[in-house]
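One structure is given below, encoded as structure tokens.
The values are calculated or read from the model by the stated rules, or taken from the named source; none is laboratory data. In this text, all values refer to a predicted model and were calculated from it rather than measured experimentally. FYI the Cβ positions are ideal-geometry reconstructions off the backbone, even for glycines, and counts take in every protein chain you see.
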Amino acid sequence: MDAIINEKIVPKRLMGKLKETFVDNSSELLIAALNRDGYLFFRNVINPHEVELARNEIFKRLFEIKELKTPYHEGIFSGLSTRDKNYEDRGEFWKSISDLSTLREITNGKKLHNIFDKIFGCPSIGFDFIFLRPVANGKSTKLHCDSGFFTRTTKKVLTCWLVLTEVPIERGPLFIIENSHKFEDIKSKFLNFDVAIHKDKKAMIDVDTIKFAEDRNSKILTANFQPGDALIFGMHTLHGTFQNYAKDNKIRLTCDVRFQPKNEPKDPRYFGLNPGGTTGAGYGELNSARPLNENWHNR
Ligand SMILES: O=C(O)CCC(=O)C(=O)O
């Protein structure tokens, strides 16, 4: 199957495979791989049964607002939505889904936590504010790095992109631009950039991603992801997602969670019972709070 970015097919010669790493590797090996590659890719970190429990609950909530067809556990987008009819507050609705205990068990539970303790080489803590993403046909996330969102109080933050459905190429998986964590011009462009303060500047990099990768002699790295896989990367690693163009209309469900060392200062926007998120507007600010049949905003 082809990978598509911005309606364009990515030439096969530019596509590369993410290297797999193992959770049983020593802390030293994991740190060395993260520094070398800018990411760590673990298969099957979360038990698929635990993922299924969370996924089914989430899908059931989306089915109740008519966004998914029956049988809801297949995650087939209906093209419809009664989200705004059923719920007055999009943020409250999305928070209620993001706080499902079956989901929190896998995003903020022991498994990921132990991996991050190992990667940081000290006790870690997961952000309370998480970014659960059901992604319907036609949608994708543009090229960016995460530093402008999450490094206000400490630079020592890592993103974990956790996979809750099968995400083959045509369902719009995440990609990483090979070696982009070492692109000095990009690092200095986003140094001290804060997307919620410097509103004249965008976090999304407005380039032709295919040409960008080719010009830098980098491959566009990805995988056919399975439920329970986790891709962890640093704040300067450039990434985005391919377009979901799956003919079966199945949605892609993933969740990005951030972790930092426990003893680093915490950004209050992302911690606590009612975190405000990047802009302070809470879960309502997320694209995921929008009905599945509504277009996304770009930061
Ligand atoms: O899943 C997506 O669409 C985007 C994920 C992302 O950009 C991230 O995890 O930082």
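Of THR159, THR154, all but one fail to be at pLDDT 95 or above, buried (at least 21 other Cβ atoms within 10 Å of the Cβ), under 24 Å from LYS111 (Cβ atoms) and among the hydroxyl-bearing types (Ser, Thr, Tyr); the exception is THR159. From the list PHE41, PHE63, the lone residue that is outside any helix (DSSP H, G or I), crowded, with 18+ Cβ neighbours inside 10 Å and aromatic (Phe, Trp, Tyr) is PHE41.
Screening the candidates THR254, THR222, THR279, THR237 for the property of being surrounded by fewer than 16 Cβ atoms within 10 Å (Cβ to Cβ), of a type in the set (Val, Ile, Thr) and under 27 Å from PHE116 (Cα atoms) yields one hit, THR279.
Of everything listed in (1) buried (at least 16 other Cβ atoms within 10 Å of the Cβ); (2) touching a Cys at 6+ places or on another chain (Cβ under 9 Å), the single unmet condition for LYS187 is (1).
Exactly one residue out of PHE116, PHE127 is crowded, with 21+ Cβ neighbours inside 10 Å, within 16 Å of the ligand (Cβ to nearest atom) and farther than 19 Å from LEU34 by Cα, and it is PHE127.
Scanning region 21-38 for residues that are surrounded by 13 or more Cβ atoms within 10 Å (Cβ to Cβ), part of a loop (DSSP other than H, G, I, E, B) and of a type in the set (S, T, N, Q) returns a single hit, ASN25.
Restricting the first member to region 219-234 and to residues that are in contact (Cβ under 8 Å) with a residue 12 or more places away in the chain and within 17 Å of VAL10 (Cβ to Cβ), and the second to residues that are within 13 Å of the ligand (Cβ to nearest atom) and in a loop (DSSP other than H, G, I, E, B), the beta-carbon pairs closer than 6 Å and six or more apart or on different chains are THR222/PRO173; PHE225/PRO173.
Matching residues to (1) surrounded by 15 or more Cβ atoms within 10 Å (Cβ to Cβ); (2) in contact with a strand residue (DSSP E or B) (Cβ under 7 Å, 6 or more places away or on another chain):
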| site | (1), (2) |
| --- | --- |
| THR165 | yes, yes |
| LEU174 | yes, yes |
| PHE183 | yes, no |
| ASP194 | yes, no |
| ASP206 | no, no |
| ALA213 | yes, yes |
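Sort through LEU132, LEU100, LEU80 and tell me the only one that's at pLDDT 95 or above, in contact with a strand residue (DSSP E or B) (Cβ under 7 Å, 6 or more places away or on another chain) and not hydroxyl-bearing (Ser, Thr, Tyr). Exactly one of LEU132, LEU100, LEU80 is at pLDDT 95 or above, in contact with a strand residue (DSSP E or B) (Cβ under 7 Å, 6 or more places away or on another chain) and not hydroxyl-bearing (Ser, Thr, Tyr), namely LEU132. Close Cβ contacts (under 6 Å, 6 or more residues apart or on different chains) running from residues in region 127-144 that are closer than 20 Å to PRO291 by Cβ to residues that are of a type in the set (Ser, Thr, Tyr) and near the ligand (Cβ under 8 Å from one of its atoms) comprise ARG133/THR254; SER140/THR241; THR141/THR241.
Return the pair list, or none, for Cβ contacts closer than 6 Å from residues in region 23-52 that are touching a residue at least 60 places away in the same chain (Cβ under 8 Å) to residues that are surrounded by fewer than 16 Cβ atoms within 10 Å (Cβ to Cβ) and assigned to a strand (DSSP E or B), at least 6 apart or on different chains. From region 23-52, the pairs are PHE41/GLU20; ARG43/GLU20.
Please specify each residue of region 76-113 satisfying the condition of being surrounded by fewer than 16 Cβ atoms within 10 Å (Cβ to Cβ), small (Gly, Ala, Ser) and part of a helix (DSSP H, G or I). Across region 76-113, the qualifying residues are SER96, SER101. Of all the residues that make up region 6-20, how many are in contact with a Lys or Arg (Cβ under 9 Å, 6 or more places away or on another chain) and assigned to a strand (DSSP E or B)? Total meeting the criteria: 4. Among the residues of region 235-245, some residue qualifies, meaning at least one is more than 13 Å from the ligand (Cβ to nearest atom) and either under 14 Å from the mean Cα position of the chain (by Cα) or part of a loop (DSSP other than H, G, I, E, B) (or both). Here is the figure for region 259-299: residues that are aromatic (Phe, Trp, Tyr), farther than 18 Å from LEU100 by Cα and out of contact with any Gly (no Cβ under 6 Å at 6 or more places or on another chain) total 1.
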